[in-house]
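Visitor: The following block contains the structure, expressed as structure tokens.
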Amino acid sequence: MNFQPYAISQSQLLSAFMPEQILRGKVLEILPDRNALLQLGNRQVVAKVGAIDPPLKTGQEYLFQIQQHTNPLVAKVVARQFSAQTAELAGSTMVDDVLHALELKNEPAMRALIQSFLDKGDPLTRESLIEARALLGSGIPAKEDVDAVRWMLQRRLPLSKSFLQIAQMMNKQEQPIAGQLADLSRILQNFKGTPSTDALQQSIRHLASLANESHMPLSLLTAEVGEKQAAKQIQALAESFGAGDRTAIQVAVSRLLHSGMSDQDISKFLKTSQLNLPPAFFTDKLSNVLQQAAPVRLTAVDATEQPALLFRLMKQIGLDFEGSLRQQLVNEQAPIHSGTVKEALLAVVQDAHVPGSIRQSANAIIGQITGEQLQMLSPDSVAAQFTLQLPLPMQQNLANLTVYWEGKKDKKGQIDSDYCTLLLCLDLQHLKETRISVRVQNRVVTLRVQNDHADLKPFLKENQELLATKLEQLAYHLNSIAQVERLDDQLVARASQPLTPLTYRLDVKA
């Protein structure tokens with residue numbers, strides 16, 4: 001698969017640049033009226049450039065400082081340093097020119113930072129360089145730490161120690177979340193549990209069985225529906241089976257909502273509500289009722305409905321944990337236990353009765369999950385790009401799934417569903433390493449599968465018609481699906497980087 005750039009309009013691109021930024025750029029074409037087509041980082045843009053002597057030369061690199069993000073962009077060439085005695089260049093480099101233009105102290109650590117930013121085509125500002133320099137300390141920063149800071153700046157994260165620690169943790173990641181959760185679960189099996197560790201084990205079991213469950217966990221359904229609506233549905237269901245006093249039911253419902261919604265909690269609720277029903281029967285009925293009340297219909301999935309499975313998977317891990325909590329606070333609701341892995345891990349970390357080694361392991365996984373959430377931030381006005389490491393439920397165990405995604409945004413800043421590039425990397429028990437590339441161009445889908453351990457061609461041919469039908473239901477058209485010996489090297493390289501840099505290609509269309 002050839003890796004293609006995304007075509008965007010000049011007006012979409014303008015907000016990506018800010019006044020005072022300095023970028024290393026290359027002149028691609030000289031245009032009339034002092035305009036020029038420039039390559040600034042990974043972007044091509046038309047800019048009006050202030051006059052310089054000698055004039056701009058096609059194919060040459062300069063330092064450009066943004067003056068106005070109008071259309072066209074207004075920029076100036078950063079002046080080279082001259083010797084006052086000879087009126088000649090004093091052997092200066094681009095680093096020296098940046099130091100002079102931004103009035104920064106000439107020291108090894110700052111020079112190393114500037115050089116790294118220039119090499120990667122990142123924008124430079126005085127404020128960001130000073131903050132990064134203070135965050136990384138006085139010595140020459142390690143390349144991995146500079147990459148972490150660049151990643152934070154690209155996603156417009158605060159340059160704080162806490163965010164740096166998360167980025168460093170992701171950069172040094174030796175084991176994916178799936179393996180970390182499996183190891184922690186094995187440790188907890190030999191530990192005399194506390195309520196927090198029991199809840200964590202239950203959330204991991206939910207995660208591992210998502211592909212086979214007939215319903216979402218009640219805790220997730222409740223969080224999706226909302227406390228008020230869920231309380232109304234639970235009370236109505238209980239009353240339909242002849243529950244006792246209405247006031248007592250309201251109290252019991254409130255306690256159930258703020259519990260972990262486990263089988264044991266359901267049993268207590270039924271006893272309090274004077275309902276002589278099997279817990280599994282009531283759980284099944286309640287799950288159906290809550291699914292009907294959910295704002296997005298969350299139904300059971302099978303092997304042909306993986307998008308629904310992926311949606312449930314991300315929720316069970318807790319990738320929307322803070323967002324759901326914020327929404328509850330905005331609606332003035334008491335926080336509801338979601339039963340997600342992240343929430344359970346946070347409870348274990350705060351449990352003083354849990355050994356320090358277990359809490360440390362739980363905290364490391366929290367950092368990894370938080371890092372995956374931050375990967376999904378897309379402050380760029382024209383495109384989005386991220387890599388996710390997800391534990392994939394498979395045969396009651398967890399396999400590792402890496403999802404690389406990039407796409408462009410429309411003029412309103414929304415994800416353009418007509419175009420995207422995906423790479424799915426799976427580590428499977430029998431098929432081993434399997435990679436699936438997905439390219440969507442104007443809602444036409446092309447899939448390529450790489451697997452060095454098995455001939456998947458018969459399987460792909462057998463299921464091609466089913467896949468095409470499923471895509472047609474979503475208003476997409478399957479162009480082709482095939483097994484190949486090798487995928488695009490650039491695409492594979494980007495998916496393998498722990499901190500995904502914003503390196504997609506963007507071409508400006510007239």
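Every number in this text was worked out from the coordinates using simple rules, so none of it is lab data. These numbers come from a predicted model, not from an experiment. With ideal geometry, Cβ positions are generated from the backbone for all residues, glycine too; neighbour counts draw on all protein chains shown.
Visitor: For the pair Q39/Q68, report the inter-label distance in nm, with labels modelled 7 Å from Cα in the Cβ direction.
Guide: The two pseudo-label positions are separated by 2.9 nm.
Visitor: Subtract the Cα-Cα distance of K285 and S185 from 0.36 nm times their separation in residues, and report this length gain in nm to one decimal. Could you put the intermediate results ahead of the total?
Guide: Numbers: separation 100, 0.36 × 100 = 36.00 nm, distance 3.00 nm.
Full-extension gain reported as 33.0 nm.
Visitor: While we're on this one: Using θ = phi - 60° and the Karplus form 6.51 cos²θ - 1.76 cosθ + 1.60, what ³J(HN,Hα) does each residue of segment 172-182 get, whole Hz, x for Gly and Pro?
Guide: The phi angles translate into 9, 4, 9, 9, x, 4, 4, x, 5, 5, 5 Hz.
Visitor: Counting only residues 5 or more places away or on other chains, whose amide H sits under 5 Å from the amide H of Q21 once H atoms are built in the peptide plane?
Guide: Here I66 satisfy the definition.
Visitor: Related question: For helix 263-272, report the angle its Cα long axis makes with the longest principal axis of the Cα atoms of the chain; keep it between 0 and 90° and round to the nearest 10°.
Guide: So the helix axis and the longest Cα principal axis differ by about 50 degrees.
Visitor: What is the set of long-range amide H partners of L31 at a cut-off below 5 Å, with H atoms built 1.01 Å from backbone N?
Guide: Placed amide hydrogens put A36, L37 under 5 Å from L31.
Visitor: Hey, which lysines would be in cross-link range of K192, C-alpha to C-alpha under 27 Å, not counting anything within fewer than 8 residues on its own chain?
Guide: The qualifying lysines are K268, K342.
Visitor: Points 7 angstrom from Cα along the Cβ direction at M18 and Q429: gap in nanometres?
Guide: 5.0 nm
Visitor: To continue, here is another question. List every residue whose amide H lies under 5 Å from the amide H of M394, counting only residues 5 or more places away in sequence or on a different chain, with H placed 1.01 Å from N in the peptide plane.
Guide: Amide H neighbours of M394, under 5 Å, 5+ apart: A399.
Visitor: Let me ask something else about it. Can you give the relative contact order of the chain as a percent, counting alpha carbon pairs under 8 Å and 6+ residues apart? Don't skip to the end; give the middle numbers.
Guide: Values: 818 pairs, mean separation 80.2, N = 510.
Reported relative contact order: 16 percent.
Visitor: Let me ask something additional. Given labels modelled 7 Å from the Cα in the Cβ direction, how far is it in nm from S417 to V492?
Guide: Calculated label separation equals 3.2 nm.
Visitor: Report, to the nearest 10°, how far helix 195-208 tilts away from the longest principal axis of the Cα atoms in the chain, using its own Cα long axis and a range of 0 to 90°.
Guide: Around 80 degrees separate the two axes.
Visitor: What list of ³J(HN,Hα) values in whole Hz, one per residue of segment 110-117 in order, does the Karplus curve 6.51 cos²θ - 1.76 cosθ + 1.60 (θ = phi - 60°) give from phi, with Gly and Pro shown as x?
Guide: Rounded to whole hertz, the list is 5, 4, 5, 4, 4, 4, 5, 5.
Visitor: A follow-up question, please. Sort 201-210, 57-66, 317-326, 188-197 by the packing proxy (mean of other Cβ within 10 Å over each peptide's residues), most packed first.
Guide: Numbers: 201-210: 20.2, 57-66: 16.1, 317-326: 17.6, 188-197: 14.0.
Going from most to least packed, we get 201-210, 317-326, 57-66, 188-197.
Visitor: Right, something else. If the viscosity is 1.306 mPa s and the temperature 10 °C, what Stokes-Einstein diffusion coefficient in µm²/s follows for segment 379-509 when Rh is the Kirkwood radius over Cα pairs?
Guide: On the way: Rh = 16.1 Å.
Using the Kirkwood radius from Cα pairs, D works out to 99 µm²/s.
Visitor: Here is a further query. For segment 37-54, just list the computed ³J(HN,Hα) in residue order, Karplus coefficients 6.51, -1.76 and 1.60, θ = phi - 60°, integers in Hz, with x standing in for Gly and Pro.
Guide: 8, 10, 9, 10, x, 9, 10, 9, 8, 8, 9, 8, 10, x, 5, 9, 10, x
Visitor: Quick one: give the max-minus-min coordinate of the C-alpha atoms of segment 19-124 along each principal axis, largest first, in Å.
Guide: 39, 31, 23
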